[in-house]
Amino acid sequence: MEYSICSWTFGNAAIDKVMRFVKKTGYDAIEIQASQAIQYSKLITRLSKELDLKVSGLTGDADWPNEHKDLANRNHLERNKAIEYFKKQIQATSLIQGKYLVVCPSAVGKSAQMGQGSEDWNWAIDSVCQLSKMADQVGIELIIEPLNRYESCIVNTADDARRFVKEINHPKVKTLIDTYHMNIEEVDMVSPVQKVIDILSIVHVADSNRRSLGRGQIAFAPFFTELQRLKFKGTIVVECSAPGADPFLAEKDNMDWIYTYAEESLAFLKKSFEDN
Ligand code: LER
Ligand code: MN
């Protein structure tokens with residue numbers, strides 16, 4: 001199993017400090033925040049080689065209320081700007097040798113749709129279809145992420161993600177499931193794995209309160225057992241965040257927790273998969 005961790009969760013810490021810590025802790029890879037990848041591509045590429053720490057992929061940047069980052073915006077001029085911005089993120093993924101870009105079909109933090117009926121869905125489908133051509137050209141995957149209802153509209157569950165990916169119907173468009181969001185939206189932790197296993201590239205993990213695995217209420221054992229039973233071979237990416245309000249702001253009063261969560265979560269994963 002390959003283990004990775006999201007760089008955005010370390011808040012304002014410098015990317016070189018984060019990469020050195022992630023390597024020292026024993027991770028194989030890091031999932032870089034897209035805005036950091038764009039700004040620090042040379043530094044990240046150099047450190048990735050120097051530290052022998054892979055870039056698993058990029059966490060896409062589409063923070064609401066930035067209409068020009070919203071792939072499902074009702075205003076086609078804003079939507080076109082979002083498509084152009086995501087093309088830049090695809091380019092950055094390829095530049096720093098990531099394998100995927102995580103894409104939320106509507107902006108992150110936008111919990112209500114803008115159009116009627118299936119309009120928002122169709123806008124998002126059209127945007128991701130356009131992006132899939134470029135992803136194919138540079139050889140990366142676009143990974144559609146279902147987020148809970150308080151963070152996103154359009155794709156909230158594994159069922160939604162499956163329908164979205166099947167409608168795009170492109171070999172480079174896949175999905176991920178995130179235990180933190182699943183805990184809010186799914187009926188259990190096992191059936192979503194079964195629903196998307198054939199299009200599942202990566203898994204994001206954190207406990208129910210986004211603390212390290214074991215510090216919340218999620219029963220991870222059945223989830224991990226099902227991943228193993230169905231021979232999941234992708235990357236497992238830790239996405240905990242320091243405790244405190246505002247889910248979209250990583251930097252909190254007590255950032256020391258994130259380093260503890262990173263260490264504890266990796267130990268929990270290695271014990272669960274018995275490959276340490
Ligand atoms: C991104 O991977 C994610 O899970 C979102 O909740 C980030 O805010
Ligand atoms: Mn996630």
* Just going by the charge dipole of the chain, with Lys and Arg at +1 and Asp and Glu at -1 on Cβ, which of Trp8, Pro222, Ser111 is farthest out on the positive end? -> Trp8
* Asked: Leu249 label point, 7 Å along Cα→Cβ, cut-off 19 Å on backbone N: hits in the stretch 8-39?
  -> 8-14
* In a Gaussian network model over the chain where Cα atoms closer than 10 Å are linked, find which of Glu50, Glu239, Glu151 has the largest mean-square fluctuation. => Glu50
* To do: Considering only lysines 8 or more places apart in sequence, or on different chains, count the pairs in the stretch 152-273 whose C-alpha atoms sit under 27 Å apart.
  => 19
* Largest first and to the nearest Å, give the Cα extent of the stretch 2-274 along each principal axis. => 45, 43, 36
* Structure fact -> Farthest towards the positive end of the dipole of the stretch 1-139, among Leu53, Leu95, Trp64 and with Cβ unit charges of +1 on Lys and Arg and -1 on Asp and Glu, lies the Cα of Leu53
* Asked: Given the Cα-Cα distance of Ser208 and Arg20 and 0.36 nm per residue of separation, how much length would full extension add, in nm?
  -> 64.9 nm
* Structure fact -> With 0.36 nm assigned to each residue of separation and the Cα-Cα distance removed, Arg46 to Asp136 gains 29.9 nm
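Given +1 on the Cβ of Lys and Arg, -1 on the Cβ of Asp and Glu, and no further charges, what dipole in debye does the chain carry about its Cα centre, rounded to the nearest 20? Walk me through the numbers before you get to the answer.
Working: 33 positive and 38 negative charges, 148 e Å.
Using Cβ point charges on Lys, Arg, Asp and Glu, the chain gives about 700 debye.
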* Asked: Given springs between every Cα pair under 10 Å in a Gaussian network model of the chain, which of Lys81, Lys195, Lys49 has the largest fluctuation?
  -> Lys49
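So what's the projected area for the stretch 131-171, the Cα convex hull averaged over all directions, in nm²?
Working: hull surface 12.1 nm².
Dividing the Cα hull surface by four gives the mean projection, 3.0 nm².
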* To do: Go ahead and set up a Gaussian network model of the chain, Cα springs under 10 Å, then flag whichever of Asn254, Asn66, Asn12 fluctuates most.
  => Asn254
* Report the calculated FRET efficiency for Gln194 and Lys270 (r = Cβ-Cβ distance, R0 = 22 Å), to the nearest 0.05. => 0.35
* To do: Quick one, could you list the DSSP H helices from the chain stretching 18 Å or more along their long axis (Cα atoms) with average Kyte-Doolittle hydropathy of -0.5 or above?
  => 119-138, 256-273
* To do: Quote to one decimal, in nm, the extra length available between Ser118 and Arg229 on full extension: 0.36 nm per residue of separation minus the C-alpha distance between them.
  => 36.4 nm
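Taken together, the values in this text are just the output of simple stated rules run on the coordinates, not laboratory data. This is a predicted model, so every value here is computed, not measured. Backbone-built Cβ (ideal geometry, glycine too); neighbour counts: all protein chains shown.
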